[in-house]
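Worksheet: one structure, shown below.
Taken together, the values in this text are just the output of simple stated rules run on the coordinates, not laboratory data. Note that the coordinates shown come from a computational prediction; the quantities given were computed from them, not determined experimentally. With ideal geometry, Cβ positions are generated from the backbone for all residues, glycine too; neighbour counts draw on all protein chains shown.
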């Protein structure tokens, strides 16, 4: 497939991730590319995220959804489509890098589904100097001919002592930046400029923009 695609399927039905990627692509000048979720196409796919790394899991998801789309496309005579998968997590140094690739499960397993509160309890006696952490995002982009492209973004910070802010999702309310605000206290535009997903998403958007010249 030559040229920039008109649509990309995000290998997730997570509304928060999909919205963030749409905003990140728009900020990168790629608003013309329609990011769709599998449910928008009537696709169901639930790959087991058994990888040991973000890259492993991103590729597991991207490859599984690419196969599912190809099978449905043959049946329905759809056109070609690029597939984009995201795997992200929070790495806390004092916890040996946890929750890492298990970040989603950490939230799910926490009492009341409140992973932020659970994390604060784990670090309750930890001094500021030992609360360093980072968000990491790996995006896997698969083209119609199976070509794979990987993009990675990292955002450094610390774990706050309390939840603050109403924006974002996941661990954003406890992820403290150098300016003293948590990720959840940033506007979407501010967040996308510095976040792990913003960095990786811009790389993916810039790659797709370069296809326009081919």
Worksheet entry | Gain upon complete extension [residue 80, residue 105; 0.36 nm per residue less C-alpha separation] | 5.7 nm
Practice prompt. Taking every pair of Cα atoms in the stretch 7-211, average 1/r, invert it to obtain the Kirkwood radius, and report Rg/Rh to two decimals.
Written response: 0.99
Practice prompt. As a check on your grasp of the helix formula, calculate [θ] at 222 nm for the chain: sum -39500 (n - 2.57) over DSSP H runs of n ≥ 4, divide by the residue count, round to the nearest 500.
Written response: -11000 deg cm²/dmol
Worksheet, complete the sentence: Check: C-alpha center the stretch 145-214 vs C-alpha center the stretch 120-138, spacing in Å is 18
Worksheet item: Given a Förster radius of 30 Å and the C-beta distance between residue 122 and residue 67 as r, what FRET efficiency does 1/(1 + (r/R0)^6) yield to the nearest 0.05?
Response: 0.20
Item to complete: Pick out which of 114, 172, 86 has the largest mean-square fluctuation in a Gaussian network model of the chain, springs linking Cα atoms closer than 10 Å.
Response: 114
Item to complete: Go ahead and run the numbers for FRET between residue 210 and residue 36, Cβ-Cβ distance against an R0 of 30 Å, rounding to 0.05.
Response: 0.90
